[in-house]
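Written below as structure tokens is the structure these notes are about.
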Amino acid sequence: MTRSRNDKLARAIEQSGMSYEAIARGIQMLANASGNSSIRTSKSNLSYWVAGTPPQPATGRYLCEVLSRKIGHPLTVHDLGLTSADGHSDQADLGLTVEDDPVETLGRIGRADIERRTFLTTAAYSVAGAALPLGVAGEIQARTLRAVTGGIAGAAEVEAVRDMVAMFTAIDERHGGQHGRSTVVQYLTDDVQRLCKSRFQTEVLQKQMFSAAASLAYLAGWKAYDAGEHGLAQRYYLQAFSLARSSGNRADQAYVLRILAHHGMDNGQPEHVLGLADAAIRLSRGVDPATESLFVICRARALAESGRHSDARREAERARKLADEGEAQEMTGWASLWGAPMATVSSHTAKIHARVGDHAAAEEHHASARRQYGPTAHQRIAALSAAAEGHAQLRQGQIEAACATWDKALDTMTGIRSSRTKKAVQSMRSDLAPFRTRGARPAQELDERARMWLREVV
């Protein structure tokens, strides 16, 4: 069978200005970052695709994202003249919207998540998707209930969902995102979806239910992020934002914009993070100082990513003062579930200093965050803070101090199920490799313990 040349793909490649080799390398990197290590792509593959032989479905979706990022606007498989043999081409963009009904969309995402559909679980982080909330942040989205499938729901049901979210969040913070993950998604796509479609006695109660559902969608996104499934996490976050718009709660919207900004920075895609952080600041006006500090430190980190290092340091100091001022006050909404604000400020301040190469300051702030989080209620982030502290020590040539800190980090990681802790331990081993080969005993002993930890981790 003779295939015709794919002119759509050829034009997109020409528009991107990228070589075949650069595109292949971008696909490989994106696939690895998305947890899909089975993808193998070379420049010769690009020649076949342009000649008319389509790539595998997953590879085609990564190709779309690579070209989209370079060209500056989203492209679909159809835009590139590609077809999908796995039946998922029409679902590849599932959840990359803030305009569709979030209740229905979350139902579809959740079912695909529970079934571990690879078109979603290995989806790439979308730079275009990150910009979607910027045009609508602050608007209240009027929603009429679609088909009403339940009875009458009220304040008791709203409170029950809030209590469940608080419980699931506490478990997540202590034991890692993979504990209870399927339970959270099942609860979201079953009970909570049904409650969102119930009849409500008042519009206020309906909006409160949307807010509670949004916080659960946020948690589902956080769990996907903790598993390294960044495309899936982004889709949950976007639907959490859409539900927050429906609730009319500006602080809820701000909190999702904040995590979307951090998510972009953690993925090394800073294109929209300052806009998201600025929008979160605007929406959060009027919250208590402790909660405000979370939005200010997010903006500080976004400024650092934008190269505005002096401004970033000033904002970080402002965040510290706000957290210190508001420490004893009751925090607003979802923010109260995620630990002491000063610990969060310290953690992100450390990342700002690491970004500009001040590893001594990064060490100091990571250590402060570790102490403030404590080893129990927020065990995972305390362990990750210790891992980052050790890395900062190593960058300063303090090999013995780093090994001692990492030894404590491994102690704290016991029982945690999290892709992030696993990657932190893998990073320890990578950092230790030069010292291990030189015969440094602390490095050899710590490396062996890390190796055994990785063998035993679930």
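Since every read-out is calculated from the coordinates, none of them should be taken as a lab result. Remember, it's a predicted structure, so these values are computed and weren't measured experimentally. With ideal geometry, Cβ positions are generated from the backbone for all residues, glycine too; neighbour counts draw on all protein chains shown.
Descriptive notes on the structure:
- Within a straight-line Cα-Cα reach of under 24 Å, residue 321 can be paired with the following lysines, leaving aside sequence neighbours fewer than 8 residues apart in one chain: 351.
- For region 54-128, projected area of the alpha-carbon convex hull averaged over all directions, nm²: 5.0 nm²
- Stokes-Einstein, applied to the Kirkwood radius of the chain over Cα pairs at a viscosity of 0.890 mPa s and 25 °C, places its translational diffusion at 106 µm² s⁻¹.
- Seen from residue 74, the other residues with C-beta closer than 13 Å to its C-beta sum to a net charge of -1, counting Lys and Arg as +1 and Asp and Glu as -1.
- In order along region 402-408, the phi-based Karplus estimate (6.51 cos²θ - 1.76 cosθ + 1.60, θ = phi - 60°) of 3J(HN,Hα) comes to 4, 5, 5, 5, 5, 4, 5 Hz; Gly and Pro are listed as x.
- Stokes-Einstein diffusion of region 262-349 at 20 °C, 1.002 mPa s viscosity, Kirkwood radius from Cα pairs, rounded to a whole number: 167 µm²/s.
- Estimated vicinal HN-Hα couplings, Hz - region 35-51 in sequence order (Karplus 6.51, -1.76, 1.60; Gly, Pro = x): x, 10, 7, 7, 6, 10, 9, 9, 5, 5, 4, 4, 4, 5, 5, 5, 6
- Ignoring lysines fewer than eight residues from residue 207 along the same chain, the ones with Cα atoms less than 30 angstrom from its Cα are 197, 223.
- Restricting region 412-458 to trypsin sites (Lys or Arg not before Pro) that sit in a DSSP loop and have at most 15 other Cβ atoms within 10 Å of their own Cβ leaves 438.
- Residue 174 sits among other residues whose Cβ lies under 13 Å from its own Cβ, and their net charge, with Lys and Arg +1 and Asp and Glu -1, is -1.
- Fewest-first sequence of 336, 47, 211 by Cβ atoms within 10 Å of each Cβ: 47, 336, 211
- Relative to one another, the C-alpha centroids of region 1-50 and region 223-260 are positioned 31 Å apart.
- 3J(HN,Hα) along region 378-395, derived from phi through the Karplus expression 6.51 cos²θ - 1.76 cosθ + 1.60 where θ = phi - 60°, amounts to 10, 4, 5, 5, 5, 5, 5, 5, 5, 4, 5, 4, x, 4, 5, 5, 5, 5 Hz, with x in place of Gly and Pro.
- Rounded to the nearest 500, the helix-only mean residue ellipticity at 222 nm of the chain stands at -21000 deg cm²/dmol, with each DSSP H run of n ≥ 4 adding -39,500 (n - 2.57).
- As a ratio to 2.2 N^0.38 Å, the alpha-carbon radius of gyration for region 365-458 is 1.00.
- Look at the alpha carbon pairs under 8 Å that are at least 6 residues apart: their mean separation over the length of the chain gives a relative contact order of 12 percent.
- GluC sites (Glu not before Pro) restricted to region 288-349 and DSSP loop, no more than 15 other C-beta within 10 Å: 327, 330
- A straight Cα-to-Cα reach below 18 Å connects residue 423 with the aspartates and glutamates 172, 173, 226, 229, 266, 389, 407, 411, 431, 447, 448, 456, residues fewer than 8 places away in its own chain not being considered.
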